[in-house]
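One structure is given here, and the rest of the page talks about it.
The values are calculated or read from the model by the stated rules, or taken from the named source; none is laboratory data. What you see is a predicted model; the values in this text were computed from it and never measured. No Cβ is skipped: glycine too gets one built from the backbone with ideal geometry, and neighbour counts run over all protein chains shown. The protein model used for the area step is the full one, side chains on, heavy atoms only, and it has no ligands, DNA or RNA in it. Shrake-Rupley method; radii C 1.70, N 1.55, O 1.52, S 1.80 Å.
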Amino acid sequence: MEIKPKEITKEQVDAQLSICEDIKKEIGTGRYAMVDTFGCQQNEEDSEKIRGYLSAMGYEMTDKEALADIIVLNTCAVREHAEMRVFGNLGALSHVKKDDPEKIITLCGCMAQQESVAEKIRRSFPQVSLLFGPDELWRFPELIQSVRESKKRVFALGKGDGCVVEGLPHLRSDKVKAWLSIMNGCNNFCTYCIVPYTRFRERSRRPSEIIAEARELVFAGYKEITLLGQNVNSYGRGLSEETDFAKLLREINAIEGDFIIRFMTSHPKDATEELFSAMADCEKCENHLHLPLQSGSDRVLSAMNRRYDMEKYNNQVKKIREYLPDVVLTTDIIVGFPDETEEDFEETLRAVEEIRFDAMFTFIYSKRKGTPAYDMPDPFTREEKQLRFDRLLETQNRISEEKHKEYIGRFERILIDGTDKKDACLTGRTSGGRLVRLSGDEALIGSFQNVKITDCNTWALRGELI
Ligand code: 5AD
Ligand code: SF4
């Protein structure tokens with residue numbers, strides 16, 4: 001049976017905005033808030049909504065903890081390391097809270113949605129006044145008001161199957177590039193992954209809402225729109241209208257204006273030929289596909305519940321390269337999944353050598369409580385996994401550098417998106433998403449420029465304006 005997501009009504013959102021107005025009247029001027037984000041782009045986008053609400057409440061943004069009346073840590077639960085960093089930060093914030101007991105320290109995001117974390121916060125981190133899961137974000141103003149009025153700690157963990165909400169304010173931090181979330185949640189239940197338990201069931205926003213938001217972004221002068229979803233390839237499932245991601249891409253591409261479209265993430269089991277064909281047809285859609293492989297061993301892929309094998313993955317790669325011969329292909333790989341043997345790992349290395357990804361995000365498997373892999377036997381030591389991880393990185397770094405060398409002498413149209421303070425230069429991205437550093441005036445930020453690639457290293461290209 002299909003579960004219908006709960007739709008938050010306009011009246012419910014308006015009621016939250018009206019609480020923002022009340023708070024604004026109460027706090028007066030010169031009040032500050034700080035939002036610190038950990039984890040993925042979806043979280044970055046959520047933080048923009050939190051900042052949007054805070055701004056509607058009359059808070060100005062700061063990055064100084066001592067100055068902030070509200071401190072929000074928007075967290076990630078995908079790996080243990082990220083969680084440890086947050087606990088470390090929270091520990092340090094106990095002094096800040098002692099100096100000013102009125103400060104509202106808030107923990108939200110995927111970490112906050114886990115019962116075990118909420119319990120630990122309840123017991124050992126009294127400095128946290130508010131905790132809420134990703135699905136409760138839409139009622140952030142009500143939660144803040146409740147902390148302010150009751151002077152008690154408030155815990156709001158989502159219980160449902162996920163809601164769909166429109167019309168929340170956004171305070172975007174960038175002027176050139178914008179995130180646009182098209183869906184939320186995940187139904188895939190990869191056995192290592194916590195996301196389906198923290199962000200709940202997959203649900204898509206209506207195409208009309210997404211297109212309206214994309215139009216606003218283009219009108220506001222944004223040059224790059226990145227469509228976000230845990231698995232954009234299943235976009236549209238469960239909506240009453242007939243649509244899919246390829247169709248959505250074509251509709252956004254049809255919006256007039258000089259802008260580019262990126263998207264992530266694509267699950268290999270659901271990537272379709274229609275998508276590849278739409279990517280090839282849509283002139284605004286960039287030449288990049290992020291297609292997480294996770295492992296090159298069929299045995300491990302099956303234990304991960306990825307629901308594709310190497311034959312299917314290789315076919316996807318072959319197909320996309322037929323449509324877009326110079327597509328930039330990037331991936332995620334997990335090393336040391338429970339019981340991954342030396343043979344399994346060597347299959348991953350072989351796959352990496354054969355496919356020749358342009359770049360890769362590599363992770364050592366991190367045990368997540370509540371996921372099926374948590375209870376799988378895991379006989380290999382951290383040191384053994386680290387050695388495999390280093391070998392994989394070495395292999396990919398060599399390939400990335402070889403691929404980058406092929407750019408030298410080429411001309412690329414890039415979007416200048418910012419500066420690199422350390423190198424005192426401008427930065428931009430090729431159509432395939434490769435980082436380019438170049439000299440030039442900051443006034444060029446936000447413009448498309450033709451650039452000649454002159455040099456490279458493993459991670460980036462160097463270019464000259466022409
Ligand atoms: N351990 C290590 N890496 C993980 N990822 C997701 N869950 C885990 C985990 N438990 C990685 C996957 C995913 C990326 C976003 O994070 O590679 O594609
Ligand atoms: Fe996690 Fe798999 Fe869903 Fe990605 S597709 S969020 S890895 S469960």
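Observations on the structure shown:
- Per residue accessible area in Å² of region 148-232, where ligands, DNA and RNA are left out and the probe is 1.4 Å: 42 Å²
- Exposure of residue 392 as accessible area (Å², to 10), given a probe of 1.4 Å and all protein chains: 0 Å²
- Residues in region 202-237 reached by a label modelled at residue 323 [backbone nitrogen below 19 Å; 7 Å Cα→Cβ]: 225-237
- Sulfur and carbon atoms: percent of accessible area, the chain [1.4 Å]: 49 percent
- Ligands, DNA and RNA excluded, the heavy atoms of residue 366 present near 20 Å² of accessible surface to a 1.4 Å solvent probe.
- Region 366-466 - accessible surface per residue (Å², probe 1.4 Å): 55 Å²
- At the residue level, residue 308 shows approximately 20 square angstrom of accessible surface with a 1.4 angstrom probe and all protein chains present.
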